[in-house]
Amino acid sequence: MNMRELELFLRDRLTAPLPGADAQWRFAPRPSRKGWSPDQRPAEARRASSLMLLYPGSDGPAMALTLRRDDLPQHPGQVSLPGGAIDAGEDVETAALRETHEEIGVPAESIRVIGPLSSLWVIVSNFLVQPFVGIVDERPDFALAEHEVAALVEAPVPDIYDAQRVEWHQIVVDGIVIRYPALVLDGHAVWGATAMMLAEFACLFDPDFGRAHDPPNRT
């Protein structure tokens with residue numbers, strides 16, 4: 001679909017019930033942390049927001065993500081959505097637009113926010129993240145924040161819900177083998193919280209996306 005068709009589709013789909021935690025669980029690392037669920041909203045969690053920015057790419061609609069620098073204290077070297085903590089007195093949508101401008105140089109006034117997806121509690125950093133979907137009419141002149149962003153990751157929208165792009169990885173943490181599904185976009189393996197948010201976006205197009213990776217007992 002073209003950009004206009006995509007915007008109309010998403011505006012309609014985001015008014016319906018969202019896939020929510022059911023979709024997010026499919027890309028959660030396992031075993032998951034005891035007592036954790038992506039749809040929890042702890043009162044003590046820090047608030048954050050992010051933006052799934054859609055724009056005309058070279059091969060049709062695309063989404064902008066970022067490759068974080070290797071020397072950052074949180075999530076170094078990982079692919080993420082533009083976003084960050086909400087400032088005092090700031091609403092969640094404004095924070096997502098501000099962070100997008102700061103990280104990849106896209107002015108807030110050029111973005112039409114289509115709507116929110118489900119929030120996600122990222123237990124490792126204790127952030128409760130609220131993602132939004134936004135769109136621009138032309139490919140932006142991206143300007144990356146050098147202190148934070150190592151590279152721009154440009155993902156054609158159909159790649160995000162392409163099941164053939166899912167692969168499994170594993171790491172060992174404190175002697176425990178952690179396995180997780182990752183979505184390969186623009187040559188990068190996207191996993192963790194970003195993959196969980198993208199999984200919900202993908203399920204707007206294909207409700208069964210990632211269902212094969214959803215363990216019955218959530219472990």
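The values are calculated or read from the model by the stated rules, or taken from the named source; none is laboratory data. Since the model is a prediction, treat every value here as computed from it, not as a measurement. Note that each Cβ is placed from the backbone with ideal geometry, even for glycine, and that neighbours are counted across all protein chains shown.
Points to keep in mind about this one:
- Against the conditions (1) in contact (Cβ under 8 Å) with a residue 24 or more places away in the chain; (2) more than 16 Å from the chain's Cα centre (by Cα), G84 satisfies every one except (2).
- Subset of region 161-182 [hydrophobic (A, V, I, L, M, F, W, C) and more than 13 Å from R33 (Cα to Cα)]: A163, V166, W168, I171, V172, A182
- Criterion violated by P116 - all others in (1) buried (at least 21 other Cβ atoms within 10 Å of the Cβ); (2) touching a Leu at 6+ places or on another chain (Cβ under 8 Å) satisfied: (1)
- Among the residues here, D39 qualifies as within 16 Å of P116 (Cα to Cα), in contact (Cβ under 8 Å) with a residue 24 or more places away in the chain and within 20 Å of the chain's Cα centre (by Cα).
- Looking across region 1-57 at every residue that is crowded, with 20+ Cβ neighbours inside 10 Å and among the hydroxyl-bearing types (S, T, Y), the one that is farthest from D141 (Cα to Cα) is identified as S49.
- All of V106, V92 fail the test of being β-branched (V, I, T) and either closer than 24 Å to V124 by Cβ or surrounded by fewer than 19 Cβ atoms within 10 Å (Cβ to Cβ) (or both), apart from V92.
- Scan of region 58-86 for residues that are surrounded by fewer than 15 Cβ atoms within 10 Å (Cβ to Cβ) and on the phi > 0 side of the Ramachandran plot, ordered by number: G60, G77
- Check on V190, surrounded by 17 or more Cβ atoms within 10 Å (Cβ to Cβ), in contact with a Gly (Cβ under 8 Å, 6 or more places away or on another chain), touching a residue at least 40 places away in the same chain (Cβ under 8 Å) and not hydroxyl-bearing (S, T, Y): no
- Subset of region 182-205 that is in a helix (DSSP H, G or I) and not hydrophobic (A, V, I, L, M, F, W, C) - its residue that is nearest to Q24 (Cα to Cα): E200
- Listing of strands (runs of 3 or more DSSP E) fully contained in region 1-102 that carry 1 or more residues being of a type in the set (K, R): 46-57, 60-68
- T100 vs. criteria of a type in the set (S, T, Y), under 18 Å from E138 (Cβ atoms), at pLDDT 95 or above and crowded, with 22+ Cβ neighbours inside 10 Å: yes
- Figure legend. Inter-residue proximity from region 1-16: first residues within 10 Å of I114 (Cα to Cα), second residues loosely packed, with under 14 Cβ neighbours inside 10 Å, beta-carbon distance below 8 Å, spacing 6+ or different chains. Indicated pairs: E7/R112.
- Test: residue in region 69-82 that is polar (S, T, N, Q) and in contact with an Asp or Glu (Cβ under 8 Å, 6 or more places away or on another chain): no
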